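Here's the structure we're looking at; comments come further down.
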Amino acid sequence: MTLKKAYYYLFYTFWRFFESNPLKWGTVWKAGASISVLETIFVCSILNYYNIFIDRKFNYEITSPELIIPIILIMITNYHFFSKNDNWMDYAEEFNVWPTEKNFKGGLFVLLFVIAILGSLFYSFYLMSNINWKRY
């Protein structure tokens, strides 16, 4: 599976999750926002690890360019892939005809991927809490 196809499968999994809820309005927007949040969490994890292992004096805030620029790039990328045109629908049709077992394995992989990203963020905060920041 190519990276692009995996990205669309991640979107498809979120979209399918939101489609199964009673509130079906804005499912495309919710799926895109979920991916954006997940990517932003990943960027924050990377910045935390940079702060822990490379430069302890590095400090980023919500308004710092180190965080704002990647978030803008994430938004542009997600707009291009999901909102600008409906290419994701072609992939969704392909994923819909996959056997149930293959979709289950893919959904399980997506769940593990999400847990890994969230776990990475929590672990980076744990590592940061063990540092005596008064020394820096």
So how far apart, in nm, are the two label points at residue 69 and residue 41 if each is 7 Å from Cα heading toward Cβ?
-> 2.5
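Can you show me the helix-derived [θ] at 222 nm for the chain, built from DSSP H runs with n ≥ 4 at -39,500 (n - 2.57) apiece and divided by the number of residues, rounded to the nearest 500.
Rounded to the nearest 500, the figure is -24500 deg cm²/dmol.
In units of 2.2 N^0.38 Å, what is the alpha-carbon radius of gyration of the chain?
Compactness ratio reported: 1.24.
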Which of the peptides 23-29, 44-50 is most tightly packed, and how do the rest follow, judged by the mean count of other Cβ atoms within 10 Å per residue?
-> 44-50, 23-29
Using the 10 angstrom Cβ neighbour count as an exposure proxy, how do 93, 39 rank, fewest first?
-> 93, 39
Near residue 81, within a Cβ-to-Cβ distance under 13 Å, what is the net charge of the other residues, with Lys and Arg +1 and Asp and Glu -1?
-> 0
Name the helices (complete DSSP H segments) of the chain with a Cα length along the long axis of 30 Å or more and a Kyte-Doolittle mean of at least 0.0, or state none.
-> 27-53, 100-129
Relative to the compact-globule scaling 2.2 N^0.38 Å, provide the ratio for the alpha-carbon radius of gyration of region 76-132.
-> 1.69
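None of the figures in this text is laboratory data; all of them are computed from the coordinates on show. Here the structure is a predicted model, which is why all the values come from computation and not from measurement. Note: ideal-geometry Cβ built from the backbone for every residue, glycine included; neighbour counts use all protein chains shown.
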